Every structure is written in C-alpha cells, then in structure tokens.
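Encoded as structure tokens, the structure appears first; notes follow it.
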Amino acid sequence: MDTLNWRNLNFRVTWICLLICLLGGGHALAQYENERDATIPLEYFYIKRTGPSLLRTLLSKVTWGVSTGYGHTVFSHDLSGYGIAQNPGASPVIFNGTQVAAGYSNWFNRVVTTPNTVTGQTFLVNSDTASIGFRSRAGSIPLRLTLYFEFDRYRIGGGYSVEYMKIGDFKPISHGEDINAFSPEDPSIILSKYFVMLGGAVYRYNDYLLVVDFNFGGYNPGSSFDKSVIKKGLYMNFGAQVEREMSEYFRLFVRPSYELKSFKLNVPESAAITHKFNAFYVNVGFTYRLPELRRCVFKQCRAQLNHVHGNKEYRSRVHPFYKKQNPHYGENYPTLLKYKGGNKKKLNPY
C-alpha cells in the first residue's frame with residue numbers, strides 16, 4: 001500500500017512540474033527580439049541574435065591576394081618573307097624579299113630603317129631557303145594583386161600585375177656560325193597586365209586545396225615600345241594553385257602557371273612580324289578575406305570563440321587571424337605542450 005501511494009505521489013509531482021513549466025515558466029524558453037524584453041539574467045540566453053549586416057555578408061565573399069615570385073620569358077619571332085644580311089663585325093639586318101638595299105636593324109620594339117651595303121663578305125640567307133629567326137630569354141620578378149568573389153568552390157574576379165625584365169641578346173635559330181646576335185634598343189622593360197580571373201577548387205586534402213584558374217586580359221609593354229607600330233593582342237594564363245589554409249580568413253599559396261601572349265610589329269611596305277613572348281611563372285603569396293563577424297568591441301573580453309554580447313554576435317579579439325579556429329571551442333594553441341618537441345618521447349611530462 002505504501003508503495004502504491006509513493007508511485008501516485010511521484011506521478012502527481014511530475015504533472016505539477018509540467019504545468020508550472022507550461023503556464024508559469026514557458027516564457028523563459030521564448031526567443032526575445034532585444035535586451036529590453038528580458039526580465040531575468042537567464043533570459044539573456046534566449047535573446048534573438050542579430051547577425052552581420054548585408055553589406056558585411058557580401059564583403060565576406062571577397063578575397064584579395066598578393067604574390068611575387070619568378071618568371072622566365074622566351075622571345076621569338078617569325079621572319080617569313082624576309083631575309084638576313086650579315087656583314088662582318090656588324091649587327092644583322094633584315095630585308096624584305098629581294099630588296100636587299102633597304103634593311104631594318106631593329107625589328108623588335110620599334111622599326112629602325114638601315115641602308116644595307118652588300119659586299120663579297122656579306123652573308124645572305126632568305127626565308128625561302130632556310131628557317132630563319134632569332135630567340136631571346138628574360139627573367140623577371142612579378143608583383144601580382146588579385147581580387148575575386150568566392151561562391152562555393154567557384155571563383156570570379158580580376159587582377160593586376162607588374163614586372164620588370166631585362167631582355168637578353170637575340171641569338172639566331174640557324175646559321176649561328178655566320179649570323180651574329182643582336183641586342184634590341186631599350187632591352188629593359190616594365191610589363192604591366194590587367195586580367196579577368198575564372199577558377200574553381202578541384203581537390204582537397206586536409207588543410208590543402210588545389211585550385212585551377214584561367215586568366216585573360218590585356219597588357220602594356222611600357223615606353224620601350226613604339227605603340228604606333230605594334231598591335232597587341234589578348235594574353236592567356238593557365239595556372240594551378242596549391243593553397244594551405246592557415247585559418248578561415250588567411251591562406252598561403254604557391255601557383256605555377258604558363259602564359260601565352262604575342263604582338264605584331266607593322267613594318268612599312270612589308271609584312272608584319274609576329275613576336276611571341278610566352279612565359280612560365282611561379283608565384284608565392286597569401287590571400288585574405290574580410291571576416292563576416294565584427295571583432296568584439298569589449299577590450300577586456302578574452303573569448304577565443306565566436307560569441308554573443310546581448311543580442312549581437314562577435315568574433316574573438318584575441319584569436320590570431322592566421323590560425324584555424326576549432327568550431328566548438330577557440331584554440332590559440334591547438335597542440336598541447338606535452339606533445340611538442342622533446343616532450344613527445346615522455347610518457348608523463350608533468
């Protein structure tokens with residue numbers, strides 16, 4: 001009998017507690033719009049959070065990057081329809097077809113007409129009988145800036161780059177024993193480029209991400225070139241970028257790429273000469289995007305995790321932007337001291 005009464009008492013107490021929660025305490029589980037609606041400290045946990053503004057949400061999709069590195073450019077041109085005249089101890093001169101007397105001493109960055117004197121010691125060769133042309137190489141250090149929108153795994157944006165290069169001597173691709181090399185006028189150039197970028201992530205391994213992208217745009221070869229006689233075209237750059245995610249905002253990367261570009265030099269009363277200067281680049285740099293949440297406004301706050309004050313959500317002001325943050329708790333030091341350095345071999349370092 002005592003056991004039955006005890007069960008009935010527990011049953012009644014349970015129902016009374018449920019009624020109290022539903023009728024009297026239910027408002028504590030409600031979600032309040034602002035702090036003024038909260039009447040007790042516990043209710044601050046149920047205030048509706050105010051997320052980031054629409055502008056900040058859009059800006060958080062924007063990533064900008066800075067990189068530098070090394071570029072290797074190969075210059076070459078097609079001299080179809082031309083011939084080469086080489087006098088002893090002089091620079092080579094090209095001429096149009098059979099018009100040997102009218103030559104050009106510079107046909108790279110400007111057109112320089114040079115009277116050509118043919119003697120018994122002059123070496124002559126024509127494109128009709130041999131493959132003729134010249135080739136040169138140049139190294140450069142590029143500075144590249146990018147700005148792009150990232151949606152899911154796709155990217156679209158643009159950028160600008162500038163590089164200084166010094167072009168070496170042009171050496172003949174044939175008859176090297178009879179034709180001398182020549183140096184162009186103003187061999188030092190500053191090449192600037194502006195481009196559109198399209199790309200996407202194709203593979204991920206832990207904190208590493210492989211991104212392939214395609215850049216295309218225009219370029220300006222600088223004041224060393226006579227703009228009135230050259231006709232520029234678009235250039236194309238194909239790259240594969242390996243990124244290391246240091247945090248949700250900050251990444252380091254290395255990007256090898258290959259670039260195709262050319263221009264035509266218009267020669268008076270002669271066929272235009274096509275110059276190619278394709279290049280291989282290796283860029284290293286970093287990218288950074290604006291965080292979606294505002295930095296915590298309270299200087300004394302030491303929370304490492306994204307957190308709430310009142311109804312507003314903030315990111316930590318003490319967690320470094322270049323370190324990955326655990327989604328469940330903030331971690332300035334993700335590896336414990338006992339697992340670092342010499343402590344790795346100790347069973348109980350403490």
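Here is a yes/no grid of residues against (1) in contact with a Leu (Cβ under 7 Å, 6 or more places away or on another chain); (2) under 30 Å from residue 82 (Cβ atoms); (3) surrounded by 15 or more Cβ atoms within 10 Å (Cβ to Cβ); (4) touching a residue at least 24 places away in the same chain (Cβ under 8 Å):
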residue: 119; (1), (2), (3), (4): no, yes, no, yes
residue: 122; (1), (2), (3), (4): no, yes, yes, yes
residue: 129; (1), (2), (3), (4): no, yes, no, no
residue: 134; (1), (2), (3), (4): no, yes, yes, yes
residue: 138; (1), (2), (3), (4): no, yes, yes, yes
residue: 142; (1), (2), (3), (4): no, no, yes, yes
residue: 148; (1), (2), (3), (4): no, no, yes, yes
residue: 151; (1), (2), (3), (4): no, no, no, yes
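If you go through region 149-162 one residue at a time, how many are at pLDDT 90 or above and more than 15 Å from the chain's Cα centre (by Cα)?
The qualifying residues number 0.
Of these, 68, 63, 73, which one is hydroxyl-bearing (Ser, Thr, Tyr), within 30 Å of residue 222 (Cα to Cα), in contact with a Lys or Arg (Cβ under 8 Å, 6 or more places away or on another chain) and surrounded by fewer than 16 Cβ atoms within 10 Å (Cβ to Cβ)?
68
So the check is Cβ under 6 Å with 6+ separation or different chains; which pairs have a first residue in region 191-218 that's under 25 Å from residue 75 (Cα atoms) and without any contact (Cβ under 8 Å) to a residue 60 or more places away in the chain and a second one that's aliphatic (A, V, I, L, M) and not in a strand (DSSP E or B)?
216/234
With the structure loaded, tell me whether residue 274 is more than 20 Å from residue 194 (Cα to Cα), touching a residue at least 40 places away in the same chain (Cβ under 8 Å) and not in a loop (DSSP other than H, G, I, E, B) or whether it fails that test.
In short, yes.
Here's the yes/no breakdown for (1) exposed (fewer than 14 other Cβ atoms within 10 Å of the Cβ); (2) of a type in the set (Phe, Trp, Tyr):
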position	(1), (2)
242	no, no
259	no, no
268	yes, no
273	no, no
288	no, yes
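For region 171-216, give me each residue that is assigned to a strand (DSSP E or B), of a type in the set (A, V, I, L, M) and in contact with a Lys or Arg (Cβ under 6 Å, 6 or more places away or on another chain).
201
Being touching a Pro at 6+ places or on another chain (Cβ under 8 Å) and in a strand (DSSP E or B) narrows it down to one residue among 258, 219, 281; which is it?
Answer to the check: 281.
Does region 99-108 contain any residue that is in a loop (DSSP other than H, G, I, E, B) and either at positive phi or surrounded by fewer than 17 Cβ atoms within 10 Å (Cβ to Cβ) (or both)?
yes
Do we have any residue at all in region 82-95 that's surrounded by fewer than 19 Cβ atoms within 10 Å (Cβ to Cβ), more than 27 Å from residue 159 (Cα to Cα), of a type in the set (Val, Ile, Thr) and without any contact (Cβ under 8 Å) to a residue 40 or more places away in the chain?
Within region 82-95 (the criterion being surrounded by fewer than 19 Cβ atoms within 10 Å (Cβ to Cβ), more than 27 Å from residue 159 (Cα to Cα), of a type in the set (Val, Ile, Thr) and without any contact (Cβ under 8 Å) to a residue 40 or more places away in the chain), the answer is no, since none of the residues qualifies.
Search region 290-311 for residues being touching a residue at least 60 places away in the same chain (Cβ under 8 Å) and within 19 Å of residue 58 (Cβ to Cβ), and hand back the single one that is surrounded by the most Cβ atoms within 10 Å (Cβ to Cβ).
292
Between 120, 103, 81, which is closer than 21 Å to residue 226 by Cα and modelled with pLDDT under 85?
103
If you scan region 222-248, which residues turn out to be among the small types (Gly, Ala, Ser), outside any strand (DSSP E or B) and within 16 Å of residue 259 (Cα to Cα)?
Selection gives 233 alone.
The values are calculated or read from the model by the stated rules, or taken from the named source; none is laboratory data. All values derive from a computational prediction rather than experimental measurement. Note: ideal-geometry Cβ built from the backbone for every residue, glycine included; neighbour counts use all protein chains shown.
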